[in-house]
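Some notes on the structure that comes next.
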Amino acid sequence: MSKTVTVYTNAPAPQATVTLTMQGELWEAVAFEPRAVNFGRLTAEAARAEGLTQKVTITSNVEARAELAEVRSTSPLFQAETKTLEPGKKFELVVTIVAALKSGNNNGAIELATGVAEAPKLSIPVLAFVVPDVEVSPSSIMLPANRSAVTTRQLSVRNNTKVPFKISDLTVSNPALKVTLQETQPGMVYSITLEAPAGSHVSAGDRITFGTDCPTVPSVVVPVSEMRVAAAPLGQPGPATSRPAAMPVSQPATGQPDVKGER
């Protein structure tokens, strides 16, 4: 590991600033590598497959003999078992997905006892992310208020299955806005462009909608909103020492695309 410290002095330049660098090795009584069990981005089809595993190597750096025990998963989605590579010294932890993962993040941890006094317990994070069959990015569109020129925004629609699909019935609820569709990779990747003319107004509930022939995602809704700044409240007469009221700023609207279908 390496850390730096910057020291500022009153010495004449170029000696006025001195940078100190500290380097060293981080010693752990019981180390494990990699630092997390990461299954990465999985398609829904891959997440349903049986026997997906990841491995972690656990090494004891003390003279005392290590014995792994009490292995448990904090999530019912994952299961773990240990294998001895070098008795009392090196082990392998095998983590398996044992239940259906949900779309999005699936997290947990594998906890175990080591038998080493300096590090009696380990907790190893487990991560898996399942992408939807139809992935829309970004999940919502926000336009600046008081537009004085044409503003465009783009959506990427990605097919995460092996079967090509088509997009149909692309519409935007606001007649002042315009959407166009481009197929950038046949059946797999599409680009949707939203065009907002100068002076156009976005209303609450505006949205882009389209259908697909993907059996699990027949329709998609993407919210469209406008960033607004609230007006300052009218001040009340007061003494000369009174402080002016602060101007509240509204937070940007956020949202996830409404993907309708059966999983």
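Restricting to region 51-81, give me the number of residues that are in contact (Cβ under 8 Å) with a residue 24 or more places away in the chain and not in a strand (DSSP E or B).
Count: 12.
Look at Leu155 and say whether it is more than 15 Å from Thr212 (Cβ to Cβ), surrounded by 17 or more Cβ atoms within 10 Å (Cβ to Cβ) and either in contact with a Ser or Thr (Cβ under 9 Å, 6 or more places away or on another chain) or not hydrophobic (A, V, I, L, M, F, W, C) (or both).
No: the conditions fail for Leu155.
Name the residues in region 13-50 that are at pLDDT 90 or above, part of a loop (DSSP other than H, G, I, E, B), within 30 Å of Asp133 (Cβ to Cβ) and not aliphatic (A, V, I, L, M), would you?
Pro34, Thr43
Write out, first by first residue and then by second, each pair whose Cβ atoms fall under 9 Å of each other, whose residues are 6+ apart or on separate chains, and whose first residue, in region 175-198, is closer than 11 Å to Asn159 by Cβ and in the same structural domain as Ala149 (by TED's automatic domain parsing) while the second is among the basic types (Lys, Arg) and surrounded by 14 or more Cβ atoms within 10 Å (Cβ to Cβ).
Final answer for the pair search is Gln185/Arg158; Met188/Arg158; Val189/Arg158; Tyr190/Arg158.
Considering region 161-173 alone, what residues qualify as being at pLDDT 95 or above and buried (at least 17 other Cβ atoms within 10 Å of the Cβ)?
Hits for region 161-173 are Phe165, Ile167, Val172.
Testing Ala117 on (1) surrounded by fewer than 14 Cβ atoms within 10 Å (Cβ to Cβ); (2) under 30 Å from Pro215 (Cα atoms), one condition comes back false. Which one is that?
Every condition holds for Ala117 apart from (2).
Taking only region 97-112 into account, find how many residues are surrounded by fewer than 16 Cβ atoms within 10 Å (Cβ to Cβ) and in a strand (DSSP E or B).
4
Any idea which residue in region 121-150 is surrounded by the most Cβ atoms within 10 Å (Cβ to Cβ), counting only those that are over 29 Å from Ala99 (Cα atoms) and either outside the structural domain of Ala176 (by TED's automatic domain parsing) or more than 27 Å from the chain's Cα centre (by Cα) (or both)?
Arg147
Can we say Val116 is on the phi < 0 side of the Ramachandran plot, modelled with pLDDT of 95 or more and either touching a helix residue (DSSP H, G or I) at 6+ places or on another chain (Cβ under 6 Å) or part of a loop (DSSP other than H, G, I, E, B) (or both)?
Here the answer is yes, as Val116 does meet what is asked.
Identify the residue in region 174-203 that is among the small types (Gly, Ala, Ser) and surrounded by 15 or more Cβ atoms within 10 Å (Cβ to Cβ) and, among all such residues, is farthest from Ser103 (Cα to Cα).
My answer is Ser200.
Tell me, please, whether a residue that is within 23 Å of Ser75 (Cα to Cα), of a type outside the set (Asp, Glu), in contact (Cβ under 8 Å) with a residue 40 or more places away in the chain and in a strand (DSSP E or B) can be found in region 130-141.
yes
Of the conditions (1) more than 24 Å from Ala117 (Cα to Cα); (2) surrounded by 10 or more Cβ atoms within 10 Å (Cβ to Cβ); (3) under 34 Å from the mean Cα position of the chain (by Cα), Ala11 clears all except one; give me its number.
(3)
Test each condition in (1) more than 30 Å from Ser60 (Cβ to Cβ); (2) modelled with pLDDT of 95 or more for Ser123 and report the one that comes out false.
(1)
The values are calculated or read from the model by the stated rules, or taken from the named source; none is laboratory data. Predicted model only: the values in this text are computed from it and were never measured. Please note: Cβ atoms are built from the backbone with ideal geometry, for glycine as well, and neighbour counts cover all protein chains shown.
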